[in-house]
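Heads up: the structure comes next, in structure tokens.
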Amino acid sequence: MEKGFFITIEACEGGGKSELVRRLGEHFKKHNVDFLVTREPGGSAFGMKVRELLFNPTYNLPPISDFFLFLADRAEHVENTIKPALLHGKIVICDRFSLSTLAIQGTSIGNVGMLRTVEAISRGGLFPDLTLVLDIEPSIGLRRKTEMGEVQKFELKDLNFHEEVRESLLQFAEDDPGTIKVIDASVDKDQVFHDALRHIQLQMGDRFKEFIKAAA
């Protein structure tokens, strides 16, 4: 195989990203597939520093500062973590990537076209092979986060904000149905996992069998 396969997982808050990423990782590990699980922000030592800045409420950063911090993390993450793993033929699963940045910061800042142009520079020409958007009503997702005690900076924004973020994610999927697939995240977690795995297998085609065969 010349290169790996890049999967990104996006979602509204409470969509179950972390659970899905964990289960996909367990599945690939079970089948001895060479893979890497990472996240944004925080997929590297530098990313963890950025994450601390982004989620520390004492700084009260304006949305444009958040945006450029996300991009600084992405540029380093892509060059030093994601691209090397792909070049070594790994399946890379990233918890949040471009769409989250464009949906969340786009809702806060506006002018998504301009943000998209700048964000593309941070990726250095890298595009996900497949993006899975876990879709859920924001009110349900936020309730889930509250019940789990995981409310952070972005979850504290009002419901209208989260509804706009959801609409943006769904619009991105509508604009690029070839690589962006929407999964109903309000159903049973097992169903979400099986839906995700089905999309991965379909998108990879024969390459999925090659990964399993190579790991045997």
Per the filter on segment 159-216, residues in a helix (DSSP H, G or I), under 22 Å from PHE35 (Cβ atoms) and basic (Lys, Arg) are LYS189, ARG198, ARG207, LYS209, LYS213
Regarding LEU87, is this residue modelled with pLDDT of 95 or more, within 22 Å of ALA75 (Cα to Cα) and under 13 Å from the mean Cα position of the chain (by Cα)? no
Pairs returned, first residue in segment 15-26 that is on the phi > 0 side of the Ramachandran plot, second residue that is surrounded by fewer than 16 Cβ atoms within 10 Å (Cβ to Cβ), beta-carbon separation under 7 angstrom, 6 or more apart or interchain, are GLY16/LYS189
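Table: residues versus (1) closer than 22 Å to LEU53 by Cα; (2) at pLDDT 95 or above; (3) surrounded by 20 or more Cβ atoms within 10 Å (Cβ to Cβ).
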| site | (1), (2), (3) |
| --- | --- |
| PHE67 | yes, yes, yes |
| PHE70 | yes, yes, yes |
| CYS94 | yes, yes, yes |
| LEU99 | yes, yes, yes |
| THR107 | yes, no, yes |
| ASN111 | no, no, no |
| GLU119 | yes, yes, yes |
| ASP129 | no, yes, no |
Residue count, segment 33-53, condition over 17 Å from SER18 (Cβ atoms) and surrounded by fewer than 21 Cβ atoms within 10 Å (Cβ to Cβ), comes to 8
Taking segment 32-75 and keeping residues in contact with a Leu (Cβ under 8 Å, 6 or more places away or on another chain), aliphatic (A, V, I, L, M) and more than 24 Å from PHE6 (Cβ to Cβ) leaves LEU53, LEU61
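Results for (1) more than 30 Å from GLU210 (Cα to Cα); (2) aromatic (Phe, Trp, Tyr); (3) more than 18 Å from the chain's Cα centre (by Cα), shown as yes or no for each residue.
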| residue | (1), (2), (3) |
| --- | --- |
| VAL50 | yes, no, no |
| PRO62 | yes, no, yes |
| LEU69 | yes, no, no |
| LEU99 | no, no, no |
| LEU102 | yes, no, no |
| THR107 | yes, no, no |
| SER122 | yes, no, no |
| PHE127 | no, yes, no |
| THR131 | no, no, no |
Only one of (1) of a type outside the set (A, V, I, L, M, F, W, C); (2) at pLDDT below 95; (3) touching a Gly at 6+ places or on another chain (Cβ under 7 Å) does not apply to THR81, and that is (2)
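Yes/no per residue for (1) of a type outside the set (S, T, N, Q); (2) modelled with pLDDT of 95 or more; (3) exposed (fewer than 13 other Cβ atoms within 10 Å of the Cβ); (4) farther than 18 Å from ILE93 by Cβ:
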| site | (1), (2), (3), (4) |
| --- | --- |
| ARG144 | yes, no, no, yes |
| PHE172 | yes, yes, no, yes |
| LYS181 | yes, yes, no, no |
| ASP188 | yes, no, yes, yes |
| MET204 | yes, no, no, no |
Those residues of segment 12-29 which are closer than 16 Å to ASP188 by Cα and of a type in the set (A, V, I, L, M, F, W, C) amount to LEU20, VAL21, LEU24
Is one or more of the residues making up segment 75-92 under 22 Å from PHE172 (Cα atoms) and surrounded by fewer than 18 Cβ atoms within 10 Å (Cβ to Cβ)?
yes
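The values are calculated or read from the model by the stated rules, or taken from the named source; none is laboratory data. Just so it is clear, the model here is predicted, and its values are computed rather than measured. Every residue, glycine as well, gets a Cβ built from its backbone with ideal geometry; the counts of neighbours run over all protein chains shown.
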